[in-house]
Amino acid sequence: MKKHSTTLISLLILALFAGFGSIKAQNIDSWLISEQFRIIKPAFDTVKNIKEKTFEEKDLLSNDFIEINNIRPFISKSMQMGKSGGLSWKKISTADSSGILLSHDSNKWHIQYLASYFYSPEFTKTTIEAESHFMLEAYVDGEKIFSKNSCEADTLDAGSKSKELKLMQGKHLLLIKLLLPEGRKESKLRASAESDAQLEISLNPESYMDIEHLMNGKNVQNISISPKGDYYYISYSETYPPEGKSKSWSEIRKTATNELVEAFITDTPSSTNWIPKSNTFSFVQKSGEEHHLMAFDPEWQSYKKLATGSDEIYGYNWSPNGDFIIFSSSDKADENKSGLKKLEGMPDHWPWWRNRYQLNILFIENGMQQRLTHGNLSAGLQDISPDGTKILFSTSSPDFTQRPYSVQKLYEMTLSTGELKEIWTKNYSGSVQYSPDGTKLLVSGSPVLFGDLGKNLSKKQIPNDYDTQAYIYDLGSGEATAISKDFKPNIQRAYWKEFGIVFLVEEESYDRVYTYDINSKEYTRQNIDADVVTRISVSNKGQLACIANSISTPPSAFTGQLDTDNFQRISAPWEEEYQFVKFGKTEDWNFKNKKGVEIKGRVYYPPNFDAAKKYPVIVYYYGGTSPVNRSFGGRYPKNLFAAMGYLVYVLQPSGATGFGQEFSAMHVNNWGITVADEIIKGTKEFLAAHPFADAKKVGCMGASYGGFMTMLLQTRTDIFAAAIAHAGISSIASYWGEGYWGYLYSSTATANSFPWNNKELYVEQSPLYHADKIHTPLLLLHGNSDTNVPPGESRQLYAALKLLNRPVELIEIDKQDHHIADYKKRILWQKTILAWFDRYLKGESQWWDELYPENQY
């Protein structure tokens, strides 16, 4: 009896431990199955080709009949699918663990697809196995995982293939492509998935946002409307795995009906523009060393070569009557072959700085071309006068005696004589365009571009120069009028038309379009159904075309008449890709800092949010002079973090533009401490107000200035369980002197403060000098070719924390600058971010360990 009891206990223990580390294989008993389609063998299949090979049956399977990445099977309410890759689908299932029975007309060869979805709640290793007498190929998320190239006889056991995969959290599509052979009527297919995690197998295509959605698919890139408003030009791009290859195309359509007029498929036009007062579209076409200026008339659907130039056209503007263009050409500096270079001031760090850009005029009627500017300074066109007789252009040169360390000279040139008139010389640069009657200028620039004219602060306060204001400058009197200093949004683009002025502005976390009435001095917001407008184009009749997106909506194209609230979405290329993607809700959540200033923010909830559960939290911020807007996707995609099961809190600390000058001026000479304390206070209040947020599992992350904030935060609080700093600044002083834009950004952020006169700022607010206070696990990410924030900023903090024996990792991304642009490296970089948070906020280290195993060297 005792012996039997011991044996029973041993068996129980073995059974218990057998349950750890791996879940029993799950049979896939239900499938979406496509209709069959017939295929044929090629002629002369028994004859050897030039490689001494005859055609084999397995070659029928390897043909790409349908692009795998385009197959999106699903069941409709009637249990039938609409067209997807030319196939209709139905459900097939069996309770028999031996698999599903497949049959066909055995007198012919057929191809058939089967599909099933499975959801993994975490990063996992999963083995997919398929068994059948038929030949088959298996794909997961569009990538082939194995092929079975044998066809066994009825009397033999069915052959099988398997593959171990490493899958991130999310919904995955398993697709089986079967070759149904001639002379064989039926066989069974059995498939299973064995995983460390409990997979949810279903036929439901509904999923959450993942890295594939972020990186791949179709996007609308640009739009512009003709001056008459009858046509618009729109361009697209599409990126697809696994290499991140992309294609571009563009179209011209009728504005009223959206009817396609012309498509540019193989060669997307460059330097596109509309000829003023017309519906004629122009672009540059390169042929050898020549550059042809081409025109397309959508009304007659005809092309015409307007002119040919020998100089490379870097950008051009049409005269108001379309009789000439002004374009830029480059004078490149001689190559320095000595290996030694004497810098001519700080901008000489920039490899392009010694090149000079000059203005040229090209007359359409006779093709005559003439240089308009020359010399040791680049000339930039600002505008062409409404009557076409004059141009405005500016030059810029360094001036290290006062901030912002450059001088802009604005000139007006009479084209017929070359006569120059200097409009102004200023230390602050402005963007300038003529009024419709040519007597005034619309100017955008710093609040102190014209002294204190645009400043809406006390005399002692230094404004944030990035908080762009709008002015009207009278050419006759030389007097300027500020028109936006009481208007809180930050001016990004401005267009002065006959009917009024149109502004694209940054308004808190939104980017919006406003019109301005010169007589009433009133601003009117245009109600476009989107959060962030990125590109706009305006016709002479007040029609607007724009690209815009929202928190949970990828970029779309809109058109409509200004001041009518009648804007229509005319293109949404993402709709098919995102039709089954489920997003969590988002809502605003604000608090007040210790001075009583409202700090705005928002929350991204995981899909299928359950308030009874506890969720790990990611806090995201920038903290510098730009707000974190409500755009979709991007390099730090909050929807992706939420889809991975995180509660995401985004806050906009003080100092950003778009909230009014008082708010943005808080950034000046206030690197870090105030903002860090706002983030800490906001996070604590957020956690207290949201009981489903796990206060012990809170991570934070930011990039660039936000990376600096991440570093600094860890010296001032221990509320975070994990932190990520991408391209962060660990020493304000070294960034000030080494970064390409360091001293220029500091001319605003640390106005009149330098390492020798304000050590309190440059040292005491630099994380490096407080590294011993950091105990939070910190991941440092940096492109090793970053010219904005040199990689040494992460390296020196890494060295400090390693010597202090603190939990820190540094991942450098090879040959990447401030942004990670390479397709494959960006995917790995994004996975690294998610794996780090999974490790410390979910207690799931397997993904991180897979990406970065210990003791490799």
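Which residues, counting only those in segment 345-371, are assigned to a loop (DSSP other than H, G, I, E, B) and in contact with a Phe, Trp or Tyr (Cβ under 8 Å, 6 or more places away or on another chain)?
Matches in segment 345-371: Gly345, Trp350, Ile364.
Do we have any residue at all in segment 772-783 that's open to solvent by less than 50 Å² (accessible area, probe 1.4 Å), modelled with pLDDT of 95 or more and either of a type in the set (D, E, K, R) or assigned to a helix (DSSP H, G or I) (or both)?
Checked against the condition, which is being open to solvent by less than 50 Å² (accessible area, probe 1.4 Å), modelled with pLDDT of 95 or more and either of a type in the set (D, E, K, R) or assigned to a helix (DSSP H, G or I) (or both), segment 772-783 yields no hits at all.
Conditions: (1) under 19 Å from Tyr705 (Cα atoms); (2) open to solvent by less than 20 Å² (accessible area, probe 1.4 Å); (3) among the polar types (S, T, N, Q). Asn788 meets all but one. Number of the miss?
It fails just one condition, (2).
If a residue has to be open to solvent by 50 Å² or more (accessible area, probe 1.4 Å) and under 30 Å from Gln830 (Cβ atoms) to count, how many in segment 108-128 make the cut?
2
Those residues that are charged (D, E, K, R), open to solvent by less than 40 Å² (accessible area, probe 1.4 Å) and in a strand (DSSP E or B), I need them from segment 403-425; list them, please.
Answer for segment 403-425, where residues must be charged (D, E, K, R), open to solvent by less than 40 Å² (accessible area, probe 1.4 Å) and in a strand (DSSP E or B): just Glu412.
Out of contact with any Gly (no Cβ under 9 Å at 6 or more places or on another chain) and either closer than 20 Å to Met209 by Cβ or assigned to a loop (DSSP other than H, G, I, E, B) (or both): which single residue out of Ala557, Ala612 fits that description?
Criteria check complete, one pass: Ala612.
Pairs only if they're at least six apart or on different chains, beta carbon under 6 angstrom, first in segment 595-610 and farther than 12 Å from Pro653 by Cα, second at pLDDT 95 or above and aromatic (Phe, Trp, Tyr); list them, first residue then second.
Listed by first residue and then by second, the contacts come to Val603/Trp589; Val603/Tyr649.
Do we have Ile201 as within 28 Å of the chain's Cα centre (by Cα) and in a strand (DSSP E or B) here?
Judged against the criteria, Ile201 is not a match.
Being modelled with pLDDT of 80 or more and either among the basic types (Lys, Arg) or surrounded by fewer than 13 Cβ atoms within 10 Å (Cβ to Cβ) (or both) narrows it down to one residue among Lys41, Lys77, Lys83; which is it?
Selected residue: Lys41, the only one of Lys41, Lys77, Lys83 that is modelled with pLDDT of 80 or more and either among the basic types (Lys, Arg) or surrounded by fewer than 13 Cβ atoms within 10 Å (Cβ to Cβ) (or both).
Residues in segment 738-757 that are in contact with a Phe, Trp or Tyr (Cβ under 7 Å, 6 or more places away or on another chain) and open to solvent by 10 Å² or more (accessible area, probe 1.4 Å): how many?
So the count comes out to 4.
State all residues of segment 270-295 that are under 23 Å from Pro320 (Cα atoms), more than 24 Å from the chain's Cα centre (by Cα) and loosely packed, with under 15 Cβ neighbours inside 10 Å; if no residue qualifies, say none.
Hit for segment 270-295 is Lys277, nothing else.
Step by step: first the residues of segment 265-282, then only those that are among the hydroxyl-bearing types (Ser, Thr, Tyr) and in a strand (DSSP E or B), then the one that is modelled with the lowest pLDDT. Which residue is that?
Filtering segment 265-282 for residues that are among the hydroxyl-bearing types (Ser, Thr, Tyr) and in a strand (DSSP E or B), the one modelled with the lowest pLDDT comes out as Ser270.
Being assigned to a loop (DSSP other than H, G, I, E, B), without any contact (Cβ under 8 Å) to a residue 60 or more places away in the chain and either surrounded by 20 or more Cβ atoms within 10 Å (Cβ to Cβ) or not hydroxyl-bearing (Ser, Thr, Tyr) (or both) is the requirement here; does Ser477 meet it?
no
Kindly evaluate Asp267 against the criterion of being surrounded by 18 or more Cβ atoms within 10 Å (Cβ to Cβ) and charged (D, E, K, R).
Spelling it out, it is not the case that Asp267 is surrounded by 18 or more Cβ atoms within 10 Å (Cβ to Cβ) and charged (D, E, K, R).
Filter segment 17-34 down to residues that are at pLDDT below 85 and either more than 21 Å from Thr126 (Cα to Cα) or among the basic types (Lys, Arg) (or both), then give me how many there are.
Result for segment 17-34: 1.
I need the full set of residues from segment 327-342 which are under 29 Å from Ile313 (Cα atoms) and either hydrophobic (A, V, I, L, M, F, W, C) or open to solvent by 100 Å² or more (accessible area, probe 1.4 Å) (or both), in order please.
Those that are under 29 Å from Ile313 (Cα atoms) and either hydrophobic (A, V, I, L, M, F, W, C) or open to solvent by 100 Å² or more (accessible area, probe 1.4 Å) (or both): Phe327, Lys332, Ala333, Asp334, Glu335, Lys337.
Return the residue satisfying two criteria in turn: it lies in segment 644-664 and is open to solvent by 10 Å² or more (accessible area, probe 1.4 Å) and not in a loop (DSSP other than H, G, I, E, B), and of such residues it is nearest to Leu712 (Cα to Cα).
Phe663
With (1) surrounded by 18 or more Cβ atoms within 10 Å (Cβ to Cβ); (2) modelled with pLDDT of 95 or more; (3) among the basic types (Lys, Arg) as the list, and Lys148 as the residue in question, which single condition is left unmet?
(2)
Taking the options Arg512, Arg535, name whichever one is within 27 Å of Ser237 (Cβ to Cβ), in a strand (DSSP E or B), open to solvent by 60 Å² or more (accessible area, probe 1.4 Å) and not hydrophobic (A, V, I, L, M, F, W, C).
Arg535
Looking at segment 240-258, which of its residues are under 10 Å from Thr268 (Cα atoms) and open to solvent by 90 Å² or more (accessible area, probe 1.4 Å)?
Lys247
If I filter segment 188-196 for residues that are under 28 Å from Leu828 (Cα atoms), surrounded by fewer than 19 Cβ atoms within 10 Å (Cβ to Cβ) and over 14 Å from the mean Cα position of the chain (by Cα), do I get at least one hit?
yes
State yes or no: is Asp677 assigned to a strand (DSSP E or B), among the charged types (D, E, K, R) and over 26 Å from the mean Cα position of the chain (by Cα)?
Answer is no for this residue.
Could you list, in sequence order, all residues of segment 538-587 that are open to solvent by 70 Å² or more (accessible area, probe 1.4 Å), in contact (Cβ under 8 Å) with a residue 40 or more places away in the chain and over 29 Å from Ala642 (Cβ atoms)?
Within segment 538-587, Asn540, Lys541, Asp563 qualify.
Okay, residues lined up against (1) touching a residue at least 24 places away in the same chain (Cβ under 8 Å); (2) within 30 Å of Ile211 (Cα to Cα); (3) open to solvent by 30 Å² or more (accessible area, probe 1.4 Å); (4) of a type in the set (S, T, N, Q):
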{"position": "Ala153", "(1), (2), (3), (4)": "no, no, yes, no"}
{"position": "Leu156", "(1), (2), (3), (4)": "no, no, yes, no"}
{"position": "Ser162", "(1), (2), (3), (4)": "yes, yes, yes, yes"}
{"position": "Leu167", "(1), (2), (3), (4)": "yes, yes, no, no"}
{"position": "Gly170", "(1), (2), (3), (4)": "yes, yes, no, no"}
{"position": "Leu175", "(1), (2), (3), (4)": "yes, yes, no, no"}
{"position": "Leu178", "(1), (2), (3), (4)": "yes, yes, no, no"}
{"position": "Glu182", "(1), (2), (3), (4)": "yes, no, yes, no"}
{"position": "Glu186", "(1), (2), (3), (4)": "yes, no, yes, no"}
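Could you list, in sequence order, the residues of segment 704-734 that are aliphatic (A, V, I, L, M) and either at pLDDT below 95 or open to solvent by 10 Å² or more (accessible area, probe 1.4 Å) (or both)?
Ile719, Ala721, Ala733
Can you name the condition, by its number, that Gln568 falls short on among (1) touching a helix residue (DSSP H, G or I) at 6+ places or on another chain (Cβ under 9 Å); (2) over 29 Å from Val650 (Cα atoms)?
Result: Gln568 fails condition (1) only.
Any residue at all in segment 449-463 that's within 35 Å of the chain's Cα centre (by Cα) and in a strand (DSSP E or B)?
No, segment 449-463 contains no residue that is within 35 Å of the chain's Cα centre (by Cα) and in a strand (DSSP E or B).
Yes or no: segment 776-799 includes at least one residue that is touching a residue at least 40 places away in the same chain (Cβ under 8 Å), farther than 26 Å from Pro616 by Cα and of a type in the set (A, V, I, L, M, F, W, C).
Yes, that holds for at least one residue.
The values are calculated or read from the model by the stated rules, or taken from the named source; none is laboratory data. Treat the numbers as computed from the prediction; the structure is a model and nothing was measured. Glycine gets a Cβ as well: all are built from the backbone with ideal geometry, and neighbour counts include every protein chain shown. When the accessible area is computed, the model is the full protein with side chains, heavy atoms only, and any ligands, DNA or RNA have been set aside. Shrake-Rupley method; radii C 1.70, N 1.55, O 1.52, S 1.80 Å.
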